[in-house]
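Single-structure report; data block below.
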Amino acid sequence: MSDLATVSAIVVSYHTGPRLHECLYALKSDPDVSEIIVVDNGNPPDAEAWLDAFVARTDKARLIRSGDNPGFGTAVNQGAASALGAFLLVINPDAVIRRGSIGPLLAAQEGEANPVLVGGKIFDVRGREERGCRRNTLTIWRALGLGKWTLETDPAPAGPIQVGAVSGAFFLMNRTAFRRIGGFDEAYFLHVEDVDLCRRVIAAGGHVIYQPLAGALHYGSTSDAPSAVVQAHKARSLARYFRKFASGPADRIVAALATPFLGLALKLRG
């Protein structure tokens, strides 16, 4: 990694559980991570005590307590507002970065005009690529299952490729470009804010890149938030996304008619 390419990792935690420990220890031990910003959106007292102790003994770690949970995107924006690194690495609290991943993420954005957003391979405990870390641009038809959105069943690329979207669970972006584009849209509470950000990057003349040479192990489903609540947030976020990016009256009508079916489509897709 270039000596000038400082990287601030942003981790948002809400009732995450013990996987957060693995996430933060991996970031702490990674020499390419210059700064760790933990945004505590709400955790039990014992978890808060552990975070306090971790930050106290980790020179490059800082803690932001947001009070009542303002949502994932808002919390990332809070972390980004005080970040010192030239680049932001956003990573889920139940994900563990693979050592040596920062270099490939940085290399994938070299020579690209900002804004550029680079996501890495997210894999499960068996090493299998998870759904959603490389995707086409989201349309209403793809959300309803009438077109291909996620690309994990496509042949794995040997190197970085341009895609329509990557996952917000593990990506890197230039800090100045992130702020200039407005960061995450804070009107989303949970889910789809990453797809929205990717779409705005492309609309601004930039690129979204999937870099398979960078990776993170994702445990998933570690939060104790009820799944029905999470699904409801996802459906509302999708409805907002399609209203926001409707290109005209016809698109808005289709989005309004399809919105009641988004929750059902999500359940059927599992």
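What follows draws every value from the coordinates through simple rules; no lab data is involved. Source: prediction; values computed, not measured. Ideal geometry is used to build each Cβ from the backbone, glycine not excepted, and the neighbour counts take in all protein chains shown.
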Kirkwood hydrodynamic radius, computed over distinct alpha-carbon pairs, for the chain: how many Å, to one decimal? 18.8
Cα convex hull of the stretch 113-160, projected area averaged across orientations, nm²: 4.6
Determine ³J(HN,Hα), in whole Hz, for all residues of the stretch 189-205 in sequence, where each value follows from phi through the Karplus function 6.51 cos²θ - 1.76 cosθ + 1.60 and θ = phi - 60°; x replaces Gly and Pro. 7, 7, 6, 6, 4, 6, 5, 4, 4, 4, 5, 5, 4, 5, 4, 7, x
Cross-link reach list, lysines versus Lys60, counting only Cα pairs under 22 Å and skipping chain neighbours closer than eight places: Lys28
Within the chain, longest stretch free of exposed trypsin sites (Lys or Arg not before Pro) [DSSP loop, at most 13 other beta carbons within 10 Å]: 149-270
Taking a ≥ b ≥ c as the square roots of the Cα gyration tensor eigenvalues, with a/c under 1.5 meaning rounded and otherwise prolate when a/b beats b/c or oblate if not, the stretch 42-165 comes out prolate
Dipole-positive endmost among Ile102, Gly67, Ala47 within the stretch 32-135 (Cβ charges, Cα centre): Ile102
So, with +1 on the Cβ of K and R and -1 on the Cβ of D and E, and no other charges, what is the size of the charge dipole of the chain about its Cα centre, to the nearest 20 debye? 840
